[in-house]
């Protein structure tokens, strides 16, 4: 990790490995900020971006266990604005589309496995995330009539609006704001005291800058985005701030099949079904070769997925700023890699961390 910082690929990093429920490695290297005026600390706070998705998935499973929803439910049962979706059957040279009704409606399972046919982003693309000026309800309403790219359940297409819709379903079925449900039902029981969607002023000084993918660049504009000043959008698909130790609690709960420090958040059956590969036979089935999707988790299923020394059955998720969390049931281990970087050029630190950690915990 120190070499990655020295090469200029990242400003700083926090890494953590736990095995058998005990932390065996937890270190911070480099700087918290791009000007390198503050050292990185083990309790530094990171925007974990799409690592948020499995946390949203756990919230959905909690509500399923309570009978408030079923994974086979049509999305439109809970969000009527999704009625009448059309699938694109043909694209014409002049830019026009031929649409038809899909053979079936999209379900919550489709959203959790990224097989709904919804696109990767809403009509504004990624630009929406520089503003975040809509509430979750407003954003999902705006995205709800996106044309499906394919028949539900037939292909894999990573979809941020799909996970956002799940967050909105959490609100509708629980009667609470999405972020309040997660705080009360997940963060507080797990002792995740540094996990939140809207940064409180008392935590600002511990939040890491985001570096553009060239050395000595200015931090990426969350400026307002780093602290999300004025933001209304909670972003169930990628809005969580957290620390390595907070994430360890969440991942250890899943590794323990739903329990942590004597508190049960999920039934073992829920963890089991979430961490199975659901999009069998699809190519691609995830961002990385050899992985497919469970219910909001990316799962290692084929030998090519084991080239990073993570065994079959390991599951986790990455984030847009280079973060990664992995749960390895075979070796009873958890791995967390936190940086804040985006833009051109590879971050070889993440691959090195996964390989070193995977080799170290293997039995």
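Results, tabulated for the structure shown:
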item	result
Whichever residue in the stretch 4-26 is out of contact with any strand residue (DSSP E or B) (no Cβ under 6 Å at 6 or more places or on another chain), closer than 26 Å to residue 362 by Cα and in contact (Cβ under 8 Å) with a residue 12 or more places away in the chain and, among such residues, is surrounded by the most Cβ atoms within 10 Å (Cβ to Cβ)	4
Count - residues of the stretch 156-193 that are within 17 Å of the chain's Cα centre (by Cα) and over 16 Å from residue 235 (Cα atoms)	5
Candidates 209, 194 - the one that is modelled with pLDDT of 95 or more, assigned by TED's automatic domain parsing to the domain that holds residue 10, in contact with a strand residue (DSSP E or B) (Cβ under 8 Å, 6 or more places away or on another chain) and assigned to a loop (DSSP other than H, G, I, E, B)	194
Number of the exception - residue 330 against (1) free of Cβ contacts under 8 Å to residues at least 40 places away in the same chain; (2) not in a loop (DSSP other than H, G, I, E, B)	(2)
Single residue of 31, 70 found to be outside the structural domain of residue 244 (by TED's automatic domain parsing) and farther than 20 Å from residue 250 by Cα	70
Of the criteria (1) in a loop (DSSP other than H, G, I, E, B); (2) closer than 14 Å to residue 167 by Cα; (3) in contact with a strand residue (DSSP E or B) (Cβ under 9 Å, 6 or more places away or on another chain), which one residue 50 fails	(1)
Check on residue 253, farther than 29 Å from residue 197 by Cβ and touching a residue at least 24 places away in the same chain (Cβ under 8 Å)	no
Residue within the stretch 256-269 that is in contact (Cβ under 8 Å) with a residue 12 or more places away in the chain, buried (at least 24 other Cβ atoms within 10 Å of the Cβ) and in a loop (DSSP other than H, G, I, E, B) present	no
So residue 63, is it surrounded by 15 or more Cβ atoms within 10 Å (Cβ to Cβ), part of a loop (DSSP other than H, G, I, E, B) and touching a helix residue (DSSP H, G or I) at 6+ places or on another chain (Cβ under 8 Å)	no
Answer residue from the stretch 290-312, given it is in a loop (DSSP other than H, G, I, E, B) and within 18 Å of the chain's Cα centre (by Cα) and is surrounded by the most Cβ atoms within 10 Å (Cβ to Cβ) among those	297
Residue check for residue 81: part of a helix (DSSP H, G or I), in contact (Cβ under 8 Å) with a residue 24 or more places away in the chain and farther than 26 Å from residue 270 by Cα	yes
Close pairs (7 angstrom Cβ cut-off, 6 or more residues apart or separate chains): without any contact (Cβ under 8 Å) to a residue 12 or more places away in the chain and not assigned by TED's automatic domain parsing to the domain that holds residue 237 in the stretch 286-298, surrounded by fewer than 23 Cβ atoms within 10 Å (Cβ to Cβ) and assigned to a strand (DSSP E or B) anywhere	none
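Condition check ((1) over 19 Å from residue 76 (Cα atoms); (2) not in a helix (DSSP H, G or I)) across all residues:
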{"position": "145", "(1), (2)": "no, yes"}
{"position": "150", "(1), (2)": "no, yes"}
{"position": "156", "(1), (2)": "yes, yes"}
{"position": "166", "(1), (2)": "no, no"}
{"position": "173", "(1), (2)": "no, no"}
{"position": "184", "(1), (2)": "yes, no"}
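The values are calculated or read from the model by the stated rules, or taken from the named source; none is laboratory data. Since the structure is predicted, the reported quantities are computational estimates derived from the model, not experimental observations. Cβ: placed from backbone, ideal geometry, glycine included. Neighbour counts: every protein chain shown.
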